[in-house]
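Inspection log for the structure reproduced underneath, given as structure tokens.
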Amino acid sequence: MLRRVLRFVSFLLVISFVLIPFAGCGRKDPYFDVNTEKVFRFTLSGQTPDEVVIHSLDLYKVERKEYGKNAIPKYFYHITYTCFSHVTEEWEDLDLVYFGAGIVSRHFSFAWDDFGDMEKDRDEYYDAVANGKHKSFSQKEIQKYVDAYYAAQE
């Protein structure tokens, strides 16, 4: 009897050690893929692959506790890139932040002299950089999204 109990307890321990590392895997951020693809769509739209060079992309995510326990987080994607402008017929360096609560829908540029009603959003971005969760995209990850965007356009 004792042997059976020990065998059963050993079995439970083995199962625990195998399953515990995977316990949190099902909790994927539902907005991550949608927002990341949107940022690439905003950035690459109207450009051919040889007209855009993305230098960096960083994501900052802030939980908005002031709206309650289940509040939708706010996302800030800071992207730097160079693109060919069909308006000026010159290459331009851009430094933008795309942002939104849940879904990314707006942006501001660090080149702006006046942020207008987006001054609060700019300040929230700085707070997100200081206190939010951060993900820096590697050049390999950036290229994967660029390739996926252009493949979907064909």
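Extension gain, SER105 to ASP58: 0.36 nm times the residue separation minus the Cα-Cα distance gives 15.3 nm.
Kindly rank 101-113, 124-136 from highest to lowest mean number of other beta carbons found within 10 Å of each residue.
Listed from highest to lowest mean packing, they are 124-136, 101-113.
Computed packing ranks the peptides 47-54, 87-94 as 47-54, 87-94, most packed first, by mean other Cβ atoms within 10 Å.
How much length is gained if the chain between SER138 and GLU37 is pulled fully straight, taking 0.36 nm per residue apart and subtracting their Cα-Cα distance, in nm to one decimal? Write out the running numbers ahead of the final one.
Details: separation 101, 0.36 × 101 = 36.36 nm, distance 1.53 nm.
Length gained, SER138 through GLU37: 34.8 nm.
Extension gain, ASN131 to GLN153: 0.36 nm times the residue separation minus the Cα-Cα distance gives 4.2 nm.
Quick note: the coordinates plus some simple rules give every number you see, no bench work behind them. Just so it is clear, the structure is predicted and the values come from calculations on it, not from any experiment. Please note: Cβ atoms are built from the backbone with ideal geometry, for glycine as well, and neighbour counts cover all protein chains shown.
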